[in-house]
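**Q** I have a structure here, written as structure tokens, and I will follow up with some questions on it.
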Amino acid sequence: MTTASLKQELQEKAVAGQSAGFEQVRQIPNGFLTFLDYVYIMVPPPGGGRIKFQKWPHLLELAASFIANRFTVVLKPRQIGFSWTAAAYAVWVARFQPGAVILFLSKGEYEAKVLLKKARDIWVNMPKEWQLSFGTDSQTEITVPSIGSKMIALAATEDAGRGETTTLVVQDEAEFHEFAESNYAAVKPTLDSNGGQMILGSTVNKKKAVSLFKRVFQEAPENHWHPIFILWDARPGRDEEWYEYTQDNVPDLAEMSPELYMAANYPRSIAEALAPAQASAAFDLEVLKVMEEDCRRPKMITGPIKVFQGYRVGRKYMAATDTSHGTGYDFSCSVVMDAQTGTVVADIMDKMLDPEKLAMETMRMLGMYQQPVWAIEDNDWGRETLKVARDGKYPKIYHRLTGKKEKKPGWRTDAGTRVLLWGELIQAVNAGQIGIPNMAGLQQFYKVIRREDKGGRIEAMVGAHDDYPMAVGMAWQMRKHALSSGTKISVNPV
């Protein structure tokens with residue numbers, strides 16, 4: 001019998017309420033999808049009881065990822081069936097892979113027990129001939145001695161998972177685990193060495209700007225995790241009317257508005273889900289939202305240069321460059337600003353420009369604006385950009401004044417200038433003194449936060465970028481010197 005015909009036969013049996021043979025299911029590649037036809041879940045009243053697992057499209061996407069990927073991270077809304085699907089997969093692994101060790105990690109002991117109970121409910125509602133007797137059958141551990149498999153539920157304490165050699169680790173609501181970093185460090189090396197799997201799923205915690213869960217999701221798939229985002233309306237029955245009703249009935253919360261509550265629990269996009277709450281955001285989020293109204297398409301694009309407003313006689317301009325490696329991760333950014341209006345009139349925002357090419361293209365852009373004062377950050381790769389600019393005899397390179405009263409070319413970001421740059425940029429943006437027509441550039445401002453774990457240091461959220469805001473901030477510092485015509489613009493910024 002072919003695999004296709006075997007699948008068809010098993011599906012027909014499931015529909016008819018007949019059980020399939022254990023060996024038949026095990027013979028099917030990716031048999032977990034067929035196994036789901038025999039899964040029943042327990043839903044509390046009213047209208048609950050023993051209910052057949054519903055293979056909604058988003059749950060099939062989860063199931064397919066569990067089969068295909070060793071590491072899956074899921075950013076999700078509330079109550080969409082994630083925990084039942086993960087529990088079903090855990091039962092599948094425990095039953096069909098003898099000797100499997102499944103570890104459920106939850107934020108507390110109660111939540112861990114609930115997740116294990118879901119797995120137990122699925123097990124005892126499998127076809128009778130698939131079931132095997134339990135050895136230990138408690139709220140925190142289930143063992144199946146005849147095949148050597150076991151499922152363990154643990155609260156995510158600091159030492160949870162340490163010393164266990166696991167086949168599969170499931171962390172539900174991972175964003176809310178107090179010791180997520182410690183747990184990850186405890187179980188991930190073992191999984192890497194034995195080929196095990198890990199599933200992280202969670203809604204977002206808007207009170208926490210930085211977390212392991214956010215970092216894993218934002219860095220995927222480059223970090224070898226498969227990311228899945230599930231929309232608020234993935235579950236049947238949710239529509240705009242449902243959304244509005246739910247939002248209107250959010251109780252008064254001291255630390256969260258109804259809008260923020262919905263963004264955390266029923267996000268409409270990844271950006272909305274991961275956007276920081278105002279409490280941790282560096283910039284006024286309402287101001288940024290208003291600034292979006294002035295974003296527009298460039299009037300001209302030439303190579304990597306976007307021109308939003310051409311040169312105007314009598315206007316003074318200022319410019320800055322933040323250089324990246326040009327290898328596809330961070331952005332290399334150059335901006336030209338109108339010194340009087342604070343509006344970005346032209347920019348370069350590119351991940352693939354190497355420092356030399358960035359310098360050449362930026363000089364071409366600055367030539368369109370009568371070569372304004374230009375601040376170049378002299379970090380490791382910025383030095384190459386700075387060298388090309390000097391070799392090209394650009395006439396108005398910003399020179400800083402060092403503590404020894406020496407003039408050095410380039411902007412140096414240190415403890416003092418970082419506070420100055422971000423402090424004045426935040427003040428100017430929040431006061432409506434700066435305009436950003438580039439929507440992609442403006443979006444980076446949303447991801448700039450105050451890191452409580454770093455003493456209030458201002459920088460991008462983990463996995464996000466602040467290259468464009470840095471370039472704008474350096475350019476804003478140049479407003480003090482935009483009227484100077486000398487070839488060496490000097491300032492002691494601290």
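The values are calculated or read from the model by the stated rules, or taken from the named source; none is laboratory data. Computed from a predicted structure; not experimentally measured. For neighbour counting, all protein chains shown are included, and Cβ atoms are generated from backbone atoms with ideal geometry for every residue, glycine included.
**Q** Considering segment 305-321 alone, what residues qualify as being touching a Ser or Thr at 6+ places or on another chain (Cβ under 8 Å) and hydroxyl-bearing (Ser, Thr, Tyr)?
**A** If the condition is that a residue be touching a Ser or Thr at 6+ places or on another chain (Cβ under 8 Å) and hydroxyl-bearing (Ser, Thr, Tyr), then 321 is the only one that fits.
**Q** Quick test for you: out of 142, 147, 122, pick the one residue that is more than 27 Å from the chain's Cα centre (by Cα), surrounded by 15 or more Cβ atoms within 10 Å (Cβ to Cβ) and without any contact (Cβ under 8 Å) to a residue 40 or more places away in the chain.
**A** 142
**Q** While we're here: I need every pair where a residue in segment 475-487 that is assigned by TED's automatic domain parsing to the domain that holds residue 339 has its Cβ under 8 Å from the Cβ of a residue that is surrounded by 19 or more Cβ atoms within 10 Å (Cβ to Cβ) and modelled with pLDDT under 85, sequence separation at least 6 or different chains.
**A** Pairs found: 478/489; 481/489.
**Q** Using the structure shown, decide if residue 165 is surrounded by fewer than 20 Cβ atoms within 10 Å (Cβ to Cβ), in the same structural domain as residue 107 (by TED's automatic domain parsing), farther than 30 Å from residue 34 by Cβ and of a type in the set (S, T, N, Q).
**A** Judged against the criteria, residue 165 is not a match.
**Q** So, one more: Considering only segment 324-361, state which residues are assigned to a loop (DSSP other than H, G, I, E, B), of a type in the set (A, V, I, L, M, F, W, C) and either crowded, with 20+ Cβ neighbours inside 10 Å or modelled with pLDDT of 95 or more (or both).
**A** Matches in segment 324-361: 331, 339, 353.
**Q** Kindly list, by first and then second residue, each pair from a residue in segment 295-310 that is more than 16 Å from residue 350 (Cα to Cα) to a residue that is in a loop (DSSP other than H, G, I, E, B), limited to pairs with Cβ atoms under 6 Å and residues at least 6 apart or on different chains.
**A** From residues that are more than 16 Å from residue 350 (Cα to Cα), the pairs are 295/437; 296/437; 308/298; 308/437.
**Q** Still on this structure: So which residues in segment 96-112 are farther than 14 Å from residue 173 by Cα and surrounded by fewer than 18 Cβ atoms within 10 Å (Cβ to Cβ)?
**A** 96, 97, 98, 99
**Q** Restrict the check to segment 220-234 and report whether at least one residue is touching a residue at least 24 places away in the same chain (Cβ under 8 Å) and under 18 Å from residue 276 (Cα atoms).
**A** yes
**Q** OK, next. Name the helices (runs of 4 or more DSSP H) wholly inside segment 192-305 in which the number of residues that are outside the structural domain of residue 70 (by TED's automatic domain parsing) and either crowded, with 19+ Cβ neighbours inside 10 Å or not β-branched (Val, Ile, Thr) (or both) is 2 or more.
**A** Numbers: elements: 212-219, 240-248, 258-265, 270-274, 285-291.
Helices (runs of 4 or more DSSP H) meeting the threshold: 240-248, 258-265, 270-274, 285-291.
**Q** Still on this structure: Check off (1) assigned by TED's automatic domain parsing to the domain that holds residue 70; (2) assigned to a helix (DSSP H, G or I); (3) in contact (Cβ under 8 Å) with a residue 60 or more places away in the chain; (4) farther than 25 Å from residue 94 by Cβ for residue 181 and give me the number that stays unchecked.
**A** Unmet condition: (3).
**Q** Something else about it: Any residue at all in segment 78-88 that is in contact with a Leu (Cβ under 6 Å, 6 or more places away or on another chain) and either over 20 Å from residue 217 (Cβ atoms) or without any contact (Cβ under 8 Å) to a residue 60 or more places away in the chain (or both)?
**A** Checked segment 78-88: at least one residue is in contact with a Leu (Cβ under 6 Å, 6 or more places away or on another chain) and either over 20 Å from residue 217 (Cβ atoms) or without any contact (Cβ under 8 Å) to a residue 60 or more places away in the chain (or both).
**Q** Given the criterion modelled with pLDDT of 95 or more and at positive phi, identify the matching residue among 370, 433.
**A** 370
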